[in-house]
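Read through the structure below, which is laid out as C-alpha cells, and then see the notes.
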Amino acid sequence: MTDWTLLIHGGAGGMARGTLTTEQDAAARAGLRAALDAGAAILASGGKALDAVGIAVATLEDDPAFNAGRGAVLTQDGAISLDAAIMAGDSRAGAVAAVTATRNPVALARAVMEDGAHVFLAGDGADAFSAANGLEQAGDEWFVMPERRRQLAELQAKGGAAFDSEMKYGTVGAVACDAHGRVAAATSTGGVTGKRWGRIGDSPVLGAGTWADDRACAVSCTGSGETFLRVGVAHAIAARIRHLGEDASAATEAVLAEVTALGGTGGIIVVTPDGGSATRFSTKAMYRGSVSSRGEAAVAIYGDELGAADAPE
C-alpha cells in the first residue's frame with residue numbers, strides 16, 4: 001500500500017485579484033473544496049483512483065462556477081457543446097465530444113470506457129449512446145447560466161470571428177494515485193466561448209489533454225487547446241517520466257515550455273504512481289487544489305498563492 005494523492009483544477013487563465021468579485025472567488029474555492037472532499041472520501045477508504053477522479057470532476061461539472069457541465073460556455077450559436085475524457089492507468093479509456101444532453105459528460109465518458117466497444121464518441125451518436133445507456137439527461141434549463149449568455153453577447157458585439165482567446169473560464173480536471181499505486185485522470189470542458197464549426201480542443205483527446213499510465217503518471221490539462229493538441233502535452237509528460245526517468249516537476253516544466261514556445265498558455269496537473277505530483281501553469285492564475293494521505297486539503301486561484309495547493313514532488 002502507498003500514500004494516496006488527488007489533484008484537481010478548474011481551469012487556467014487571466015484571472016487576477018480584482019477580476020473576480022468576492023462572491024465569485026468564494027464560490028470557486030467552495031467548489032474546489034467540494035470536489036476534493038468527494039474524491040478524497042473514496043481514496044481514504046481504499047477506493048480506486050478512477051472512481052476518485054470521476055466523482056471529483058462530476059462535482060465540478062455540477063458547479064456553475066466552472067466551464068464544464070452546468071455553467072459551460074456557449075457556442076457561437078448560443079448552444080451547449082461539452083467534451084470529456086477519463087482514463088485509468090491500465091490503458092482503459094473513454095472520451096466524448098460535442099455532447100449536448102448528458103448532465104455529467106465525465107460519466108458518459110466512463111460509460112463509453114466500460115462498454116468497451118469504442119473509445120471516443122461524438123455529437124449525435126454520443127448523445128444517443130447516453131440515452132440508450134440510461135445516463136441522466138438535462139436540458140438548457142440546467143446547463144445554461146445567464147452569465148454565459150452575457151459573455152457570449154459581449155464577445156459577439158466585437159464582430160468578426162471573435163472567440164474567448166484569453167480562456168478566462170476554464171476546463172476542469174482531476175488526477176489521482178490510490179493506495180494501491182494506480183493512477184487515473186479525467187477532464188471535462190465546455191470549450192471556449194463563441195466556438196464554431198464543431199471545434200474540439202485538447203480536453204477529450206487522449207494524449208493531449210488527458211492521459212494515465214501506471215508506468216508513469218496521470219495528467220490533466222487546461223488552457224489553449226489548439227497548442228496542447230499540437231504538442232500532445234499529456235502523453236509527452238508521461239513519456240519523459242517513463243523513458244527519460246524525469247520526475248513529475250521536470251517533465252511538466254519541459255513540456256509546458258514547448259507550449260509556451262508555440263505561443264500557448266495553460267496549466268497542468270500530474271500525479272505519479274508513487275504519490276509524487278506537480279502543478280504548473282503559465283497563466284496569471286489557475287483554479288486548483290490538492291489533498292493527500294500526508295496532508296490536509298488546500299485550494300488556490302492566483303499565482304501569488306503558489307505553495308497553497310501546489311503539492312510538492
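The values are calculated or read from the model by the stated rules, or taken from the named source; none is laboratory data. A quick note: this is a predicted structure, and the numbers were derived from the prediction, not measured. Reconstructed Cβ throughout: ideal geometry from the backbone, glycine too, with neighbour counts over all protein chains shown. Surface areas here come from the heavy atoms of the whole protein model, side chains and all, with no ligands, DNA or RNA. Shrake-Rupley method; radii C 1.70, N 1.55, O 1.52, S 1.80 Å.
Hey, does segment 57-64 have a residue that's open to solvent by 10 Å² or more (accessible area, probe 1.4 Å), at pLDDT 95 or above, part of a helix (DSSP H, G or I) and more than 30 Å from Ala157 (Cα to Cα)? Yes: one or more hits.
Of the residues making up segment 219-249, just one is in contact with a Ser or Thr (Cβ under 6 Å, 6 or more places away or on another chain) and over 15 Å from Val259 (Cα atoms), namely Ala248.
Restricting to segment 228-249, give me the number of residues that are over 16 Å from Ala216 (Cα atoms) and crowded, with 24+ Cβ neighbours inside 10 Å. Talk me through it step by step, then tell me what you get.
Step one: of segment 228-249, the residues over 16 Å from Ala216 (Cα atoms) are 228-231.
Then keep just the ones that are crowded, with 24+ Cβ neighbours inside 10 Å; that gives 228.
Final tally of qualifying residues: 1.
Out of segment 206-232, which residues are assigned to a helix (DSSP H, G or I) and either of a type in the set (Gly, Ala, Ser) or under 18 Å from Gly94 (Cα atoms) (or both)? Gly225, Leu229, listed by residue number.
Exactly one residue out of Ala35, Ala12 is outside any loop (DSSP other than H, G, I, E, B), farther than 23 Å from Gly295 by Cα, in contact (Cβ under 8 Å) with a residue 12 or more places away in the chain and open to solvent by less than 20 Å² (accessible area, probe 1.4 Å): that is Ala12.
For Ser220, the conditions (1) within 25 Å of Val119 (Cβ to Cβ); (2) at pLDDT 95 or above; (3) hydroxyl-bearing (Ser, Thr, Tyr); (4) out of contact with any His (no Cβ under 9 Å at 6 or more places or on another chain) are fulfilled apart from (4). Of the numbered criteria (1) within 20 Å of Trp211 (Cα to Cα); (2) among the small types (Gly, Ala, Ser); (3) in a helix (DSSP H, G or I), the one Ala85 fails is (3).
Quick one: which of Thr252, Thr260, Thr265 is at pLDDT 95 or above, of a type in the set (Val, Ile, Thr) and open to solvent by 20 Å² or more (accessible area, probe 1.4 Å)? Walk me through how you get there before you give the answer.
On the way: Thr252 fails: open to solvent by 20 Å² or more (accessible area, probe 1.4 Å); Thr265 fails: at pLDDT 95 or above.
None of the others qualify; the one that does is Thr260.
So which of Asp83, Asp115, Asp77 is under 14 Å from the mean Cα position of the chain (by Cα) and among the charged types (D, E, K, R)? Only one candidate qualifies: Asp83.
Close Cβ contacts (under 9 Å, 6 or more residues apart or on different chains) running from residues in segment 288-306 that are at pLDDT below 90 to residues that are not in a strand (DSSP E or B) comprise Gly295/Ala311.
Look at Thr5 and say whether it is of a type in the set (Ser, Thr, Tyr), out of contact with any strand residue (DSSP E or B) (no Cβ under 9 Å at 6 or more places or on another chain) and either surrounded by 24 or more Cβ atoms within 10 Å (Cβ to Cβ) or in contact (Cβ under 8 Å) with a residue 12 or more places away in the chain (or both). It is false that Thr5 is of a type in the set (Ser, Thr, Tyr), out of contact with any strand residue (DSSP E or B) (no Cβ under 9 Å at 6 or more places or on another chain) and either surrounded by 24 or more Cβ atoms within 10 Å (Cβ to Cβ) or in contact (Cβ under 8 Å) with a residue 12 or more places away in the chain (or both). Per this entry, Thr21 is not counted among residues that are open to solvent by less than 40 Å² (accessible area, probe 1.4 Å) and of a type outside the set (Asp, Glu).
At least 2 residues that are modelled with pLDDT of 95 or more and open to solvent by less than 40 Å² (accessible area, probe 1.4 Å) in each: list the helices (runs of 4 or more DSSP H) lying fully within segment 95-205 that qualify.
Details: elements: 105-115, 123-132, 140-143, 146-156.
Filter on segment 95-205 gives 105-115, 123-132.
Per the conditions (1) of a type outside the set (Lys, Arg); (2) closer than 15 Å to Glu114 by Cα; (3) within 12 Å of the chain's Cα centre (by Cα); (4) open to solvent by less than 10 Å² (accessible area, probe 1.4 Å), the sole criterion not satisfied by Asn67 is (2). Among the residues of segment 249-268, is there at least one that is out of contact with any strand residue (DSSP E or B) (no Cβ under 8 Å at 6 or more places or on another chain), charged (D, E, K, R) and assigned to a strand (DSSP E or B)? Within segment 249-268, none of the residues are out of contact with any strand residue (DSSP E or B) (no Cβ under 8 Å at 6 or more places or on another chain), charged (D, E, K, R) and assigned to a strand (DSSP E or B).
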